[in-house]
Amino acid sequence: MIKHRYFNNNRGPIKENEIKAFQKALHICDTEKEIDDIILLIHTKGNTGYIERIFETRNVKKLFSGVKIDQKYPPVRIETVRTFSDDYQSKIVLVCFGLRSEEIYKYEDFESVVGIVAHQWVEPDVQNWAKTYGAIDIDTNEEIEKTKKPDLVVQNAFKDLTSSINMSSGIVHSDDNERCKTYIRALLKYNYELNSQQVFSFLTSELNWDSDDANDVIKLIDKMNSGGYFQGGEKTGLKSYIKNWQEE
């Protein structure tokens, strides 16, 4: 099933845009037909203002248990980032109210989530996520320009890494961690730019890395890019890696 992704450029408590985000979730249900739940995701139980404006009531308590507002649509339920977890048996449309890109990435990894609608609180909160996956602007119905891919040699390096490690655990294993550090050292030594957003986008949207595992790689890159240092990884013979990636 194709994952549906939408976002808006909302700024602040604008009821019209909140309604549009909810309506887009209903539209996804019209398209897919077999959705089990629409989840309205907020930070905490105190952040219900979005939903109160949509339904024009301050009494949204029942929505925490799930309410079927229309027989043609699945139940609507409020969840918080603390309570919401993956349910492999369900198909869910997720409407994220006020979450930032780094929070939304987590839900890309959920098997149950077949659609994400990101309602922005302030710009550019959802822009990195939208550009990573080419999400569609609710207002224009046009796909946002995706994050630029890194240099081809950098792409080949991370394709090589992806095929060499245990993808179920990312770079947690010591051997996989060492390999990743070696590749980062090689790329930086020979002046290949490692842009964190470009690499994260490439790992997650092109190479199907889980966001947490991709972030482990980004932490190493950020440390080196900021003038820091990490222990581990080969320090000699790095040119041979570059040569192989250039030839691929």
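The values are calculated or read from the model by the stated rules, or taken from the named source; none is laboratory data. Treat the numbers as computed from the prediction; the structure is a model and nothing was measured. Virtual Cβ from ideal backbone geometry, glycine too; neighbours counted across all protein chains shown. All accessible areas refer to the heavy atoms of the entire protein, side chains included, with ligands and DNA or RNA removed. Shrake-Rupley method; radii C 1.70, N 1.55, O 1.52, S 1.80 Å.
Using a ≥ b ≥ c from the Cα gyration tensor of the stretch 1-133 (square roots of the eigenvalues), is it rounded, prolate or oblate, where a/c under 1.5 gives rounded and otherwise the larger of a/b and b/c decides, a/b for prolate? Don't jump to the answer; show the numbers that get you there.
Numbers: a/c = 1.36, a/b = 1.02, b/c = 1.33.
It is rounded, given that a/c, with a ≥ b ≥ c, falls under 1.5.
How large is ³J(HN,Hα), in whole Hz, for each residue of the stretch 121-138 in order, when computed from phi with the Karplus curve 6.51 cos²θ - 1.76 cosθ + 1.60 and θ = phi - 60°, using x for Gly and Pro?
8, 9, 6, x, 3, 9, 5, 4, 4, 4, 6, 5, 10, x, 5, 9, 5, 4
Just add up the charged neighbours of residue 128: K/R +1, D/E -1, any other residue whose Cβ is under 10 Å from the Cβ of residue 128. Don't skip to the answer; put the middle values down first.
Numbers: positive: 100, 131; negative: 102, 125.
Here the charged neighbours net out to 0.
Using amide H atoms built 1.01 Å from N in the peptide plane, name the residues 5+ places from residue 118, or on other chains, whose amide H lies under 5 Å from its own.
Hits under the 5 Å cutoff: 6, 7, 8, 96.
Could you work out how much longer the chain between residue 236 and residue 174 gets when fully extended? Use 0.36 nm per residue separation minus the Cα distance between them, nm to one decimal. Numbers along the way, then the final one.
Numbers: separation 62, 0.36 × 62 = 22.32 nm, distance 1.89 nm.
Extra length available between residue 236 and residue 174 comes to 20.4 nm.
For the stretch 98-248, give the percent of accessible area contributed by carbon and sulfur heavy atoms, probe 1.4 Å, rounded to a whole number.
Details: 3110 of 7280 Å².
Its accessible area is 43 percent carbon and sulfur atoms.
Report the net charge of residues surrounding residue 12, where surrounding means a beta-carbon distance below 14 angstrom and charges are Lys +1, Arg +1, Asp -1, Glu -1.
Here the charged neighbours net out to -1.
If Lys and Arg each add +1 and Asp and Glu each add -1, what is the summed charge of the other residues whose beta carbon sits under 13 Å from the beta carbon of residue 151? Intermediate results must be reported in sequence, preceding the final value.
Numbers: positive: 148, 149, 159; negative: 193, 248.
Neighbourhood net charge equals +1.
Please report, as a whole percent, how much of the solvent-accessible surface of the stretch 1-68 comes from carbon and sulfur atoms (probe radius 1.4 Å).
Details: 1780 of 3780 Å².
Solvent-exposed carbon and sulfur of the stretch 1-68 make up 47 percent of the total.
Between helix 174-189 and the chain, what is the angle of the helix's C-alpha long axis to the longest principal axis, kept within 0 to 90° and rounded to the nearest 10?
Here the helix axis deviates by roughly 70 degrees.
Distance cut-off 23 Å, Cα to Cα: go down the list 3/148; 33/106; 148/219; 131/239 and report the pairs above it. Intermediate values should be presented prior to the final figure.
Details: 3/148 21 Å; 33/106 25 Å; 148/219 20 Å; 131/239 33 Å.
Where the Cα-Cα span goes over 23 Å, the pairs concerned are 33/106; 131/239.
Counting only heavy atoms of the protein chains, get the accessible area per residue of the stretch 117-248 (1.4 Å probe) and round it to a whole Å² value. Walk me through the intermediate numbers first.
Numbers: 6640 Å² over 132 residues.
On a per-residue basis, 50 Å².
In straight Cα distance, which lysines are under 22 Å from residue 243, not counting same-chain residues fewer than 8 positions off?
Straight-distance partners of residue 243: 149, 159, 181, 189, 235.
Can you match Cα extents along the principal axes in Å to one of these, (i) 89, 34, 31; (ii) 111, 39, 26; (iii) 65, 34, 31, based on a calculation from the structure here?
(iii)
Please calculate how many Å² of accessible area the stretch 65-111 carries per residue, with a 1.4 Å probe and no DNA, RNA or ligand atoms counted. The partial results should precede the final answer.
Details: 2430 Å² over 47 residues.
On a per-residue basis, 52 Å².
Angle, helix 238-247 long axis vs. longest principal axis of the chain, Cα atoms, 0 to 90°, nearest 10?
Taking the Cα atoms of the chain, the angle to 238-247 is about 60 degrees.
For the chain, what is the mean residue ellipticity at 222 nm derived from helices alone (per DSSP H run of n ≥ 4: -39500 (n - 2.57); sum divided by total residues; nearest 500 deg cm²/dmol)? Before the final figure, lay out the partial values.
Working: 9 runs with 100 residues, N = 248.
For the chain, the value works out to -12000 deg cm²/dmol.
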